[in-house]
Every structure is written in structure tokens, then in C-alpha cells.
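The structure appears right after this line, and notes come after that.
The values are calculated or read from the model by the stated rules, or taken from the named source; none is laboratory data. The shown structure was predicted, so the numbers you read here are calculated from the model rather than taken from an experiment. Heads up, the Cβs are rebuilt from the backbone with ideal geometry, glycines too, and the neighbour counts pull from every protein chain shown. Areas reflect the complete protein model, heavy atoms only, side chains present, ligands, DNA and RNA absent. Shrake-Rupley method; radii C 1.70, N 1.55, O 1.52, S 1.80 Å.
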Amino acid sequence: MSSLLLLSHIAAIGTQQPRERTKRVIKKSGLSPFLLLNHSEKSNKKVYCVSSSSSRETEEEKMSSTKDDRIAKISSAIRVIPDFPKPGIMFQDITTLLLDPKAFKDSIDLFVERYKDQQISVVAGIEARGFIFGPPIALAIGAKFVPMRKPKKLPGEVISEEYSLEYGTDIMEMHVGAVEPGERALIIDDLIATGGTLCAAIRLLERVGVVVVECACLIELPELKGRDRLGDKPLFVLVSAD
Ligand SMILES: O=P(O)(O)OC[C@H]1O[C@H](OP(=O)(O)OP(=O)(O)O)[C@H](O)[C@@H]1O
Ligand SMILES: Nc1ncnc2[nH]cnc12
């Protein structure tokens, strides 16, 4: 049976977004029928075309189809703002996803379903947008939440890592004593671009003996090849934005 590849062509919203964006929604594991979402270029309306690999769906396929439908709606709820914060950057804005409680909850549920049985004791969320998605996932899987913060924000003793971004450089800090050697961690952020941020988070956690099980993001910008920078560290994403 074929694995899922789901394509969503996302329209720019309103006058702020004159250019069209394409988002690919990828389910990284499991079996499912093929689901294609197509965007009508002229009308700015999204056209959803669903086709199955077989005419009779199995129960497993039906469940996957439901999951895929959730991912399509999550993708549609993410807005793209051109030239923010600098010319040439197509900013993936998750604040519009937060305005849609069903899509927001679905995004949390998809991560929880993946990580609930993986003996993860630490969810490390990256400032700022990893703070939105990390805590509900941590609570649902029974893990603690550890904030990975911008410099000079944490009041206690910290360890730091400098890293490069798509548009600048930054420093990430974590409280000493927040995690124990041997703990199993999931790192959460909204987006991977160059991968510099996730690499810094991995380095911080591994420096203190934590096992980083996986990194998880809502969105991947594949053109920036951040996934390659993570080496063999697994990365799970819901939406791939071209
Ligand atoms: O893969 P990378 O190239 O490292 O980029 C990804 C990071 O960039 C964004 O955060 P940003 O640094 O803009 O900070 P913010 O969330 O505080 O705005 C995003 O939320 C990721 O954390
Ligand atoms: N294009 C982008 N959209 C949102 N956040 C980002 N962080 C780095 N690149 C980004």
C-alpha cells in the first residue's frame, strides 16, 4: 500500500498576500489513501480532490483519511505574509491557526498521538512559538515542559548556545537543573527553516546528557535544507511549505 503524499496549494489571504504559496502536507509514517488538495489559481479558491488507492477503504485507511483531513485544515489555517520581517522572507504565520480552535487542537492531538507512548519525560519548547505548542503536548503525554529561551530571560543559572537564523543570529538558553542526564526529550517548535535553532536546542540538551528522541515542528521550509543540518536526528513535521 502506498504512503501518503498530500499536496495543498495555499492561497495568499487578502491584500497583504498577493503571491500564492504552495504547501505540501506530509504524513511521515503509516498507510493511507492518496489525498490531493488543489488550489484553483485563478479564483483564489481551494479545490479539494480526494482519491483513494482502492475503491474499498479499510478501517486503517479511513482513520488515516481522517488524520489527513486534519492536516489539510491545519495547513489551510496557516497564513503566509510576504516580506516579513525582511524583504524576501515568506513568513509562515501560525497566529491564524490559533484563531481556529479545531485546527489548533488537531495540531496538538497529532503530536500527542505520535509521542504518547514513547516514554518522553521532557518536552523542550523553543521561544517563542514553541511555547504555544509545547505545553499542551507536555501535559497530554505526562511530561514536564522546559522552556528554551532567548538570552537574559531566564532568572536562574543557565547554559547557552549561539546559533544562526534565516535572518540573523541568536543565543538560546536553558536553566541548569531543568533536566537530568538520561531523560528522553522531544523538542517542539513551530517551524524549521535553516535548522540552526533546532541544532542549538539539541546541543543544549545533549550537553547535559539528555537523549533527544525527535524534533517536531508544524512547518518545514524544505528549500532551506534544515533537515540535512540535523543529521540523523529524526524530524517530524505536519506541513511542508515550498
Ligand atoms: O530553522 P531556523 O532557521 O533556525 O529558524 C526557525 C526558527 O525561526 C523562528 O523563530 P525566531 O528566531 O524568528 O524567533 P521568534 O519565534 O521569537 O520570533 C521559528 O519560530 C523557529 O524558532
Ligand atoms: N519563513 C519563516 N516564517 C516564519 N518563521 C520563520 N523563521 C525562520 N523563517 C521563517
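Before moving on, here are some points about what is shown:
- When you count the other C-beta atoms within 10 angstrom of each residue and take the mean per peptide, 216-222, 168-174, 157-163 line up highest first as 216-222, 168-174, 157-163.
- More than 15 Å apart - percent of Cα-Cα pairs taken over segment 79-148: 60 percent
- Inter-label distance, nm, simple model (7 Å from Cα along the C-beta direction), residue 153/residue 86: 2.0 nm
- If R0 is taken as 45 Å, the Cβ-Cβ distance between residue 66 and residue 211 corresponds to a FRET efficiency of 0.90.
- Packing order of peptides 124-136, 189-201, 108-120, 83-95, highest average first: 189-201, 124-136, 108-120, 83-95 (average count of other Cβ atoms within 10 Å over each peptide's residues).
- Segment 55-188 - percent of accessible surface contributed by carbon and sulfur, probe 1.4 Å: 54 percent
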